[in-house]
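The values are calculated or read from the model by the stated rules, or taken from the named source; none is laboratory data. For clarity, every value in this text was computed on a predicted model and none was experimentally measured. Cβ placement follows ideal geometry from the backbone for every residue including glycine, while neighbour counts extend to all protein chains displayed.
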Amino acid sequence: MNKGIKDLANTLVARIISAVMTIAIQGCLAWFLLPEGRGSYAVCLIFSILLSYVFSVGSDISFSYFVSSKNISLSEAVSYSLLIVPLISIAAIITGYIILHLPLSFTYKATYSAFLLALLYIPFFIFANIYIQIFTAIGQFQYYGFMLIFRELNRLVFILLFILCLSLGVNGALLATICSDIIIVALSLSIFYFKFSLQLTRIHLEKLKKILSYGIRFYFGRLSNLLNFQIGTIILAFFATKAEIGIFSVATALTMRVEMIPDALFSVIFPRVASSESGRKDLVAQCARISGIICGLILVFLGLFAGPIIKILFSSAFLEAKSLIRILTLGTMARCGCKVFVPYLLGIDHPGIASISVVIGLLINVILMYVLLPIYGLTGAALSVTINYLVSSSILLFSFVYLTRYRVLEVMVPNKSDLMLLKSAILDKLNISFSFGK
């Protein structure tokens with residue numbers, strides 16, 4: 001059995017299971033916290049994650065790139081992370097603490113203790129993201145898949161413990177997230193040590209500069225990508241009620257969870273592109289088409305049955321999210337297909353193009369949000385996000401076409417080989433052998 005099919009199948013299945021568990025978590029939060037509590041939790045989590053990305057300067061993807069391309073070893077990656085992450089976490093926490101004492105409206109959307117827990121989460125979030133991604137860089141996709149699933153399983157168990165059993169509310173949800181990532185970091189380091197002979201190494205300034213340099217070049221793309229994903233909720237944190245924030249965050253969480261498909265493909269493609277002189281453009285184009293097929297079918301289903309799905313998973317209190325989901329599906333379809341071009345751009349050392357696409361999309365999003373939100377409310381926020389995704393996805397598509405000399409239709413229209421690859425990936429999980437060119 002070829003390793004390419006196995007990696008794709010293992011990663012895809014792990015992402016799907018992880019996404020299902022994440023939706024279960026979102027359902028628990030919705031039922032237990034209701035729209036207002038869900039809104040407070042969303043504001044705290046975004047506050048924490050945004051600070052993490054602002055100060056991490058793309059270090060998570062940088063470590064993965066350098067390990068994949070054999071420029072640094074696993075031991076070196078862990079050693080450098082133990083230097084970089086504490087420093088950026090301290091800077092992020094201090095900045096966040098100062099922000100909490102400024103007269104900003106979003107700081108009133110949750111309790112002070114909840115925001116402090118959000119700050120505490122920062123280092124564990126960064127460490128967990130780096131170490132999980134490193135498993136793909138060393139070709140250990142089974143461990144990667146296990147970590148994705150185990151991370152969400154831990155979180156679900158802790159949420160039930162802290163919220164349902166101990167009635168800790170929003171603070172309990174944040175504690176659950178912290179505890180989950182602490183376990184992931186400890187387990188990852190244990191596997192690195194016992195399975196892959198992890199040893200601490202000396203820090204070399206030249207390598208440190210290269211790691212930071214690559215991360216900085218993708219910094220604005222990485223940060224803008226997060227903002228693109230959460231910009232609606234971020235802006236609503238300043239201008240909307242906690243209940244409105246909760247409804248919008250449920251709509252985006254459910255719709256954009258479909259991005260598990262391109263994210264899974266990213267994990268499989270990126271190490272191959274980074275280690276290949278040709279960039280594997282044929283593989284990237286094929287995976288983009290496969291992502292478009294799968295995500296398109298899921299999103300159509302989601303749009304048609306949004307009402308019943310929301311009632312079952314999140315309760316009738318969130319039914320207003322139904323129309324938002326249907327608006328968001330169009331932009332998410334485009335994003336899911338074109339997001340697969342990002343690992344190609346990163347792997348051939350063109351992270352700036354990916355950054356440009358998301359920065360332009362973000363600017364459009366902010367402008368449209370400012371114009372449409374006061375007029376159309378949450379509907380305007382959803383329209384802004386969708387238009388942003390359409391624009392940024394178009395930039396990625398035409399950049400890929402320009403660099404590879406493919407035709408647009410050649411890249412986007414599915415063919416028989418795409419269906420055969422998808423069939424092989426599915427049947428691999430049933431232990432049926434198919435050949436696949438690595």
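A compact table of results
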{"read-out": "Counted residues, the range 105-146 - those being of a type in the set (Phe, Trp, Tyr) and under 30 Å from residue 240 (Cα atoms)", "value": "7"}
{"read-out": "So residue 129, is it closer than 21 Å to residue 29 by Cα, out of contact with any His (no Cβ under 9 Å at 6 or more places or on another chain) and either among the small types (Gly, Ala, Ser) or in contact (Cβ under 8 Å) with a residue 40 or more places away in the chain (or both)", "value": "no"}
{"read-out": "Residue satisfying all of: in the range 248-283; more than 20 Å from the chain's Cα centre (by Cα) and modelled with pLDDT of 80 or more; surrounded by the fewest Cβ atoms within 10 Å (Cβ to Cβ) among these", "value": "282"}
{"read-out": "Options 296, 337; residue that is assigned to a helix (DSSP H, G or I), touching a helix residue (DSSP H, G or I) at 6+ places or on another chain (Cβ under 7 Å) and free of Cβ contacts under 8 Å to residues at least 60 places away in the same chain", "value": "296"}
{"read-out": "Any hit, the range 98-108, residues being over 21 Å from residue 210 (Cα atoms), in contact with a Gly (Cβ under 7 Å, 6 or more places away or on another chain) and modelled with pLDDT of 90 or more", "value": "no"}
{"read-out": "Selected residue (criterion: nearest to residue 78 (Cα to Cα)) from residues of the range 145-197 that are charged (D, E, K, R) and under 22 Å from the mean Cα position of the chain (by Cα)", "value": "181"}
{"read-out": "Number of the exception - residue 79 against (1) closer than 25 Å to residue 163 by Cα; (2) in contact with a Leu (Cβ under 6 Å, 6 or more places away or on another chain); (3) not aromatic (Phe, Trp, Tyr)", "value": "(1)"}
{"read-out": "Condition met for residue 337 (of a type outside the set (S, T, N, Q) and buried (at least 21 other Cβ atoms within 10 Å of the Cβ))", "value": "yes"}
{"read-out": "Hits in the range 51-75 (condition: out of contact with any helix residue (DSSP H, G or I) (no Cβ under 7 Å at 6 or more places or on another chain) and either of a type in the set (A, V, I, L, M, F, W, C) or part of a helix (DSSP H, G or I) (or both))", "value": "75"}
{"read-out": "Pair list, Cβ under 8 Å, 6 or more apart: the range 247-275 residue closer than 19 Å to residue 42 by Cβ, other residue outside any helix (DSSP H, G or I)", "value": "247/320; 248/240; 259/339"}
